[in-house]
Amino acid sequence: MTPFPARRLRRNRSSDATRSLLRETRLHPHDFIYPLFVQDSSPSPSPVLSMPGVFRHTPDSLLEEVAKASAAGICAFAIFPCIRPDLKSPTGAHALSEKNLLFSSLRSLRSSFPNLIFIADVALDPYTDHGHDGILTPSGNDVDNDQTVAALCELAVAEASAGASWVAPSDMMDGRVAAIRHALDAAGFASVSILSYAAKFASAYYGPFRDAVGSKIGKKSISKASYQLDPANAREALLETRMDIAEGADLVMVKPAGPYLDILGKIAENSPVPVCAYQVSGEYAQICAAAKMGWLDYEQTRFESLLAIKRAGADLILSYFALEACSALQ
Ligand code: PBG
């Protein structure tokens, strides 16, 4: 490589036009999946206090938000139901009820927007009173893997029949991707994709999401670390991802995104399937909070945080900033 002064790297950075021509990574509305919350316990959208600008939508305002985002070019949405506390139970049985708000939301979204992609989480945490992603063992000291997988299979099929384009197991039970694939195929939903939360870490960054859906862990004797990945472990994240792909995942996810760009980079380099990254609630909240204090520039930090996730290798980014960021791109 020619050394200085013959090679001056600043030449390629010298003007807006040069920088724009030479930019390696660009954000586009089709890079995004927009996560949205829906509730039916209040007549108007209610703000999530730890996520400024994010609302638990009513079924009607959910449709309006999707219409707005679709006009901004976004074509994929992850729908999260906020289930009323009186409907939650130890086994999360309401997940499979005809009256599950998620199903009615998916049905109306599907009929209003036949060409958009709607993604439904497969996990029991919105429905369990203890906030765990599955059913507990009789002793109450663990999440029962296989009993949970059986319930998740039923949930995935119900989501598919309500209109989900992709189902997204976010529970981190062992063997769930293969079981869900089998259940979907057997029920006639071979065309429904599985987006596996494959490298999902036991992260403190999910705090604001748990405020939003009311899934704060009630039972302290079990930790989500008994099923989600240890933030210290990269090799295990790669193994988990390889296994989910072998079990039939159509897409895989790394979550959180920003603090795990090393994992994202490694997985994106080797994955034979598309890789998503979830910029989670706590990543969103910390940018909002610092900007509110006047300590960070909101628009620039928002943009840089998303660009970094794409540069690291994400094919798709789940972000609460999705609509704002895409509106700013236009
Ligand atoms: C449910 C689920 C969680 C998130 C997405 N799906 C929380 C958790 O596992 O406790 C977190 C998303 C976010 O923080 O934005 N299994």
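Side notes on the structure shown:
- Entry note, the range 136-238: relative contact order of 27 percent, from Cα contacts under 8 Å with a spacing of 6+ residues.
- The range 217-274: relative contact order as a whole-number percent, Cα under 8 Å and 6+ apart: 30
- Helix 145-162 axis, angle to the chain major axis (alpha carbon atoms, nearest 10°): 80
- 5 angstrom amide H check on R56, placed H, neighbours 5+ away: S46, V48
- For the chain, a crude dipole built from +1 on the beta carbon of Lys and Arg and -1 on the beta carbon of Asp and Glu, taken about the Cα centre, is about 1340 debye to the nearest 20.
- For the range 146-297, the square roots a ≥ b ≥ c of the C-alpha gyration tensor eigenvalues yield an a/c of 1.5 or more together with a/b exceeding b/c, which makes the shape prolate.
- Dipole-positive endmost among L63, S319, T301 within the range 26-329 (Cβ charges, Cα centre): T301
- In the chain, helices alone account for a calculated mean residue ellipticity at 222 nm of -11500 deg cm²/dmol, with every DSSP H run of four or more residues adding -39,500 (n - 2.57).
- Among A190, A179, A78, the largest mean-square fluctuation in a Gaussian network model of the chain, built with springs joining Cα atoms closer than 10 Å, belongs to A190.
- For the chain, the tally of Lys pairs with Cα-Cα distances below 26 Å comes to 29, considering only residues 8 or more apart or on different chains.
- Fraction of beta bridges assigned by DSSP in the chain that are antiparallel (%, nearest 5): 10
- Choice from D16, D31, D60 with maximal GNM fluctuation in the chain (Cα, 10 Å cutoff): D16
- Ranking of M253, M1, M173 by count of other Cβ atoms within 10 Å, fewest first: M1, M173, M253
- Looking at the range 1-81 alone, DSSP beta bridges between its own residues are antiparallel in about 20 percent of cases.
- Gyration tensor (alpha-carbon) shape descriptor, the range 121-210, a/c threshold 1.5: prolate
- Exposure proxy ranking for Y284, Y227, based on other Cβ atoms within 10 angstrom of each Cβ and starting from the fewest, stands as Y227, Y284.
- Rel. contact order, % - alpha carbon contacts under 8 angstrom, at least six apart, the chain: 18
- Between helix 235-246 and the chain: long-axis angle, C-alpha atoms, 0 to 90°, nearest 10: 70
- Distances between every pair of Cα atoms in the range 1-106, grouped in 5 Å steps from 0 to the bin holding the largest one, split as 2, 10, 15, 14, 12, 9, 7, 6, 6, 5, 5, 4, 3, 2, 0 percent.
- The range 26-329: C-alpha gyration tensor shape, a/c 1.5 cut-off, then a/b vs b/c: rounded
Rule-based calculations on the coordinates, nothing more; no lab input. Just so it is clear, the model here is predicted, and its values are computed rather than measured. Heads up, the Cβs are rebuilt from the backbone with ideal geometry, glycines too, and the neighbour counts pull from every protein chain shown.
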